[in-house]
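One structure below.
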Amino acid sequence: DRRSPADLTDFFTEPERMLPVLERFPRLRVCFAHLGGDAEWDLHLRGEPSWVGQILDLMREHETAWTDLSYTAHDDDRFEIIRTIVEDPELGDRVLFGTDSYMVQQRASERDFHERLRAALGEESFRRIAETNPARFLGEA
């Protein structure tokens, strides 16, 4: 059974692979980047198994599992779901704002991305993911 490099990359970077780490090091904060990424969001929105679902499940099971919204939030179609996650009492305190600016700039300016997401989430939720949560993640709050 020979797997392609892409298959191996996906296999070893799948969020569930971090479960033994989360269990062995219960105080280690782990941030799952981009809440899965573009292709995984497409799967998630179709109701198919995805890294998005895996990450949300890990966050529900482990209080040290976090995620960021870098680039993931570039698509306005995702704003409602993102707002639901950010406002979820179990998950919202472990979501971080990020831009992944070089990727965002392929679609819009970083300023446009920031303003659209901020408007979609509202000021309180945006401040939580952009200020409060990052300070907690870094141990500064």
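The values are calculated or read from the model by the stated rules, or taken from the named source; none is laboratory data. Computed from a prediction, not measured in an experiment: that's the story for all the values here. Cβ atoms come from the backbone with ideal geometry, glycine included; neighbour counts cover every protein chain shown. Surface areas here come from the heavy atoms of the whole protein model, side chains and all, with no ligands, DNA or RNA. Shrake-Rupley method; radii C 1.70, N 1.55, O 1.52, S 1.80 Å.
Of the GluC sites (Glu not before Pro) found in region 28-82, those in coil by DSSP whose Cβ has at most 16 other Cβ atoms within 10 Å are 63. Computed over the alpha-carbon pairs of region 1-134, the distance histogram in 10 Å steps reads 12, 42, 34, 11, 1, 0 percent, short to long. What's the carbon and sulfur percent of the chain's accessible surface, probe 1.4 angstrom, rounded to a whole number? Carbon and sulfur atoms account for 48 percent of the accessible area of the chain. Sites count as exposed loop sites when they are trypsin sites (Lys or Arg not before Pro), lie in a DSSP loop, and have at most 11 other Cβ atoms within 10 angstrom; the longest stretch of the chain without one is 47-106.
With the largest listed first and rounded to whole Å, the semi-axes of the equivalent ellipsoid of region 6-67 from the Cα gyration tensor are 20, 13, 9. Rank 67, 84, 13 by mean-square fluctuation in a GNM of the chain with C-alpha springs under 10 angstrom and give only the top-ranked residue. Fluctuation is largest for 13.
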